[in-house]
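First comes the structure, then the notes that go with it.
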Amino acid sequence: MVMAEGAGTGLYERVEHAARVIRARTKLEPRIALVLGSGLGGFADDFEDAVGIPYEEIPGFMRSTAEGHAGRLVIGKVNSVPVAAMQGRVHYYEGYSLEEVTFPIRTFKLLGVKTLILTNASGGINVQLNQGALMVISDHLNLMGDNPLRGRNDERFGPRFPDMTAVYSRDLQELVVEEANAIGVEVRRGIYGALSGPSYETPAEIHLLRNLGADAVGMSTVPEAIVARHMGVEVLGISCITNMAAGISDEPINHEEVMATGDRVRDTFAQLLRGVVSRVHSRVV
Ligand code: HPA
């Protein structure tokens, strides 16, 4: 096997290499990164001065196989603020390890990112969340049966036993609610439960999740949030309720519906994200 230039054996060195490859493609130095989930990638199409890098061209970034995930890193400007956005992510259910799933998040940190905005499509468990609603993630339940920090710890990234009492920044949650109120978009806060997928849940599993306190359920986000917190990156999570979870409504769930709802909220979602990016930027500088 031919080793890529600069690729070391350790995770840290491989992440440094990926960061170097990305830096060579843009002069922008984003301090805010976004992960755009199922059907939500369109936001990055409107960036100014954008450069799009297919994941295949970044060593260590995996190709997304899920429909609705373009598989491109887009670096550009939103309201003059430089940002990096993943148009599509890879998931545990695709067969990737959680180290592979979270590799881009580690890369963002070495690129100088301070704030990570994670978005996803999810099933609504709390009946106050209707199809198309936006939920600000206040906390999560990691029910994936794995943890991205399992294995050797590299102290250059963070501590062996990182604190998870406030994964999702309180300040950022409030900032989103303020922006949503300012533009007349309804948002609610809630707890996101993550399962590995890829099958959707049974009604009995949703019953269990509801009793555990979950307001929405999905198959992503949590590994990325854990890794970001491990490295001291501030996290914001926004979930688009694309369908009611199994048994909450009697309708069967399908990926087409998930995508169609993502498409329907596209403009509202983009407007909210634009405002949030501006507010985060003007707050940190
Ligand atoms: N369950 C799990 N993941 C999802 C769902 C769901 O109902 N909708 C979108 N992603």
Exercise. So is residue 225 surrounded by 24 or more Cβ atoms within 10 Å (Cβ to Cβ), farther than 21 Å from residue 41 by Cβ and touching a Leu at 6+ places or on another chain (Cβ under 9 Å) or not?
Worked result: no
Exercise. So, in the range 102-134, of the ones that are more than 14 Å from the ligand (Cβ to nearest atom) and of a type in the set (S, T, N, Q), which residue ends up farthest from the chain's Cα centre (by Cα)?
Worked result: 128
Problem set entry | Identity of the residue in the range 233-270, hydroxyl-bearing (Ser, Thr, Tyr) and over 17 Å from the mean Cα position of the chain (by Cα), that ends up surrounded by the fewest Cβ atoms within 10 Å (Cβ to Cβ) | 249
For this session: Go through the range 115-161 and give me each residue that's among the aromatic types (Phe, Trp, Tyr) and touching a residue at least 24 places away in the same chain (Cβ under 8 Å).
Result: 157
Problem set entry | Members of the range 120-136 that are in contact with a helix residue (DSSP H, G or I) (Cβ under 8 Å, 6 or more places away or on another chain) and in a strand (DSSP E or B) | 121, 123, 134, 136
For this session: Please work out which residue is nearest to residue 259 (Cα to Cα), limiting yourself to the range 1-50 and to residues that are of a type in the set (Gly, Ala, Ser) and at pLDDT 90 or above.
Result: 44
Problem set entry | Selection from the range 77-91 of residues that are on the phi < 0 side of the Ramachandran plot and crowded, with 18+ Cβ neighbours inside 10 Å | 78, 81, 82, 83, 84, 85, 86, 87, 89, 90, 91
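The values are calculated or read from the model by the stated rules, or taken from the named source; none is laboratory data. Because the structure is predicted, anything quoted here is derived from the model rather than measured. No Cβ is skipped: glycine too gets one built from the backbone with ideal geometry, and neighbour counts run over all protein chains shown.
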